[in-house]
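Trainee: I'd like to ask you about the structure that follows.
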Amino acid sequence: MRFHLEDMTCGGCVRGVTLAIHAVDPDAVIEADPPTRTVEVTSTATREEIEAALVDAGFPPQPARDP
């Protein structure tokens, strides 16, 4: 799953995003790239569960942008 997080701009943001996703799925694999504000997630959780966790953490996802 790919997400565009407009508010993810630094390493601290990546930590918050990672904690939020791991609260839903501790085994999720997360690749975050603050310069492009994208997050790639491999998880058994549903997209809706991850989106809800990101919204709760203050990082509402936007539609993913193609590079």
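Trainee: Round to the nearest 0.05 the FRET efficiency obtained for Thr46 and Leu19 when R0 = 22 Å and r is the Cβ-Cβ distance.
Mentor: Using R0 = 22 Å, I get an efficiency of 0.75.
Trainee: So, one more: So how do Leu19, Leu54 line up by other beta-carbon neighbours within 10 Å, fewest first?
Mentor: Lowest to highest Cβ neighbour count: Leu19, Leu54.
Trainee: Nearest 500 deg cm²/dmol is fine: what mean residue ellipticity at 222 nm does the chain get from its DSSP H runs of n ≥ 4 alone, each adding -39,500 (n - 2.57), divided by its residue count?
Mentor: For the chain, the value works out to -11000 deg cm²/dmol.
Trainee: Expected output is a single nm value to one decimal: the length gained when fully extending between Thr36 and Gln62, i.e. 0.36 nm times separation in residues minus the C-alpha distance. What is it?
Mentor: Length gained between Thr36 and Gln62: 8.1 nm.
All of the numbers you see were taken from the coordinates with simple rules; none came from a lab. A quick note: this is a predicted structure, and the numbers were derived from the prediction, not measured. Cβ coordinates were reconstructed from backbone atoms using ideal geometry, including for glycine residues, and neighbour counts include every protein chain displayed.
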